[in-house]
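K.L.:
Pasting a structure here, questions to come.
The values are calculated or read from the model by the stated rules, or taken from the named source; none is laboratory data. On a predicted model such as this, the values are computed, not experimentally measured, just so you know. Cβ placement follows ideal geometry from the backbone for every residue including glycine, while neighbour counts extend to all protein chains displayed. Surface areas here come from the heavy atoms of the whole protein model, side chains and all, with no ligands, DNA or RNA. Shrake-Rupley method; radii C 1.70, N 1.55, O 1.52, S 1.80 Å.
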Amino acid sequence: MLKKSLSQHLLREKNILKKMLSRTDINESDTVVEIGAGTGELTVLLKDVANLVYAVEIDRSFSSYLDKIALENENVKVIYDDFLKLDLKGLKTDGPLKVIGNIPYGITGPILFKIFGERKWIKSAFLLLQREVAERMTAKPKSRSFGSLSVIAQIVADVRIELSVPKELFIPKPRVESAFVSLFFKEEFKTIKPAFFEFVRTCFRHKRKLLLNSLKSSYKIPLIEYLFEKAGLEKGIRAEEIPPDKFLEMFHIIEGKNE
């Protein structure tokens, strides 16, 4: 019995699962973490292409499916736990992990930011998400969907929408469309401080207002003026007009001044 409280929408259509898997870089040397293994349709496909699969599932009512798969396949380990509480570093083997999963709509944000925050241990992630969230992650400046998630996702990873997945393929059928997204994390940006995420959120706190006004809630006017001068920003600019790389430059200016 699916639990509404867990935002469970199973994708059991094998053809689309195979198509999704073909858009990943998962291979026989990889350790893969699957978020929300459910009845194990994707798990069964993963065990044939990966070295080791950690099938993570919070709902033990799926144990009759997952335990059977694990019993029959030595390279599948089932973890009955909340992915948000999982120690990814502890799962690390010979190389960085790869993550894949059908993300529950109700906790999409927390899962994304856990993956962003622990990207030091992750090479790539492949996520089935609400289409709207996928569009926000890949949005360009001055577009309606561009915001803090766009900036953070595009700074830490090369992100792209790989496939659209119709809602009719899910059980039960959700009210929204979905998309399969790939994220290949950038090695050079794996050490960005978590404070950068908060800085970006601050910039977008009042998305339609001037950046100057959004920053006033967290920084003193002299520091804001110093930032605008060093970064070459116009006083009338809004956060939604600024490209992702510029936010990193702005953050480093603020950090350098505060040190």
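K.L.:
Can Lys246 be described as touching a Gly at 6+ places or on another chain (Cβ under 8 Å) and open to solvent by less than 80 Å² (accessible area, probe 1.4 Å)?
P.N.:
So Lys246 fails the test.
K.L.:
Can you tell me which residue within segment 170-179, out of those that are at pLDDT 90 or above and not charged (D, E, K, R), is farthest from Ala134 (Cα to Cα)?
P.N.:
Ser178
K.L.:
Turning to a different aspect of this structure: Glu234: free of Cβ contacts under 8 Å to residues at least 40 places away in the same chain, open to solvent by 60 Å² or more (accessible area, probe 1.4 Å) and closer than 23 Å to Val156 by Cα, yes or no?
P.N.:
For Glu234, the condition - free of Cβ contacts under 8 Å to residues at least 40 places away in the same chain, open to solvent by 60 Å² or more (accessible area, probe 1.4 Å) and closer than 23 Å to Val156 by Cα - is not met.
K.L.:
Taking Ile254 and the conditions (1) out of contact with any Cys (no Cβ under 9 Å at 6 or more places or on another chain); (2) among the aliphatic types (A, V, I, L, M); (3) in a helix (DSSP H, G or I); (4) at pLDDT 95 or above, which numbered condition does it fall short on, given that it satisfies the others?
P.N.:
The single condition Ile254 does not satisfy is (4).
K.L.:
Out of segment 87-106, which residues are among the hydrophobic types (A, V, I, L, M, F, W, C) and part of a strand (DSSP E or B)?
P.N.:
Correct list: Leu97, Val99, Ile100.
K.L.:
Okay, next question. What is the residue count in segment 149-201 for residues that are under 24 Å from Glu255 (Cβ atoms), among the polar types (S, T, N, Q) and open to solvent by 10 Å² or more (accessible area, probe 1.4 Å)?
P.N.:
Residues that pass the stated criteria total 2.
K.L.:
Pick from Ser22, Ser7: which is of a type in the set (Gly, Ala, Ser) and at pLDDT below 95?
P.N.:
Every option except Ser7 fails the conditions.
K.L.:
Need at least 3 residues that are among the β-branched types (Val, Ile, Thr) per element, so show me which helices (runs of 4 or more DSSP H) inside segment 107-183 make the cut, counting only ones lying wholly within it.
P.N.:
108-117, 148-156
K.L.:
Looking at Leu211, Leu227, Leu215 in this structure, which one is more than 27 Å from Ile115 (Cβ to Cβ), out of contact with any strand residue (DSSP E or B) (no Cβ under 8 Å at 6 or more places or on another chain), touching a residue at least 24 places away in the same chain (Cβ under 8 Å) and surrounded by 18 or more Cβ atoms within 10 Å (Cβ to Cβ)?
P.N.:
None of the others qualify; the one that does is Leu227.
K.L.:
With the structure loaded, tell me whether Glu135 is under 14 Å from the mean Cα position of the chain (by Cα) and either under 20 Å from Ile242 (Cβ atoms) or not acidic (Asp, Glu) (or both) or whether it fails that test.
P.N.:
Spelling it out, Glu135 is indeed under 14 Å from the mean Cα position of the chain (by Cα) and either under 20 Å from Ile242 (Cβ atoms) or not acidic (Asp, Glu) (or both).
K.L.:
What number of residues within segment 230-259 are within 23 Å of the chain's Cα centre (by Cα) and of a type in the set (Val, Ile, Thr)?
P.N.:
1
K.L.:
State all residues of segment 192-214 that are over 21 Å from Val156 (Cβ atoms) and assigned to a helix (DSSP H, G or I); if no residue qualifies, say none.
P.N.:
Leu211, Leu212, Asn213, Ser214
K.L.:
Something else about it: Looking at segment 80-110, which of the residues that are modelled with pLDDT of 90 or more and among the aromatic types (Phe, Trp, Tyr) is least open to solvent (accessible area, probe 1.4 Å)?
P.N.:
Looking at the filtered set, the residue picked out is Phe83.
K.L.:
Sticking with this one: Could you identify the single residue in Leu71, Leu88, Leu97, Leu128 that is among the hydrophobic types (A, V, I, L, M, F, W, C) and free of Cβ contacts under 8 Å to residues at least 40 places away in the same chain?
P.N.:
Testing whether each residue is among the hydrophobic types (A, V, I, L, M, F, W, C) and free of Cβ contacts under 8 Å to residues at least 40 places away in the same chain leaves just Leu71.
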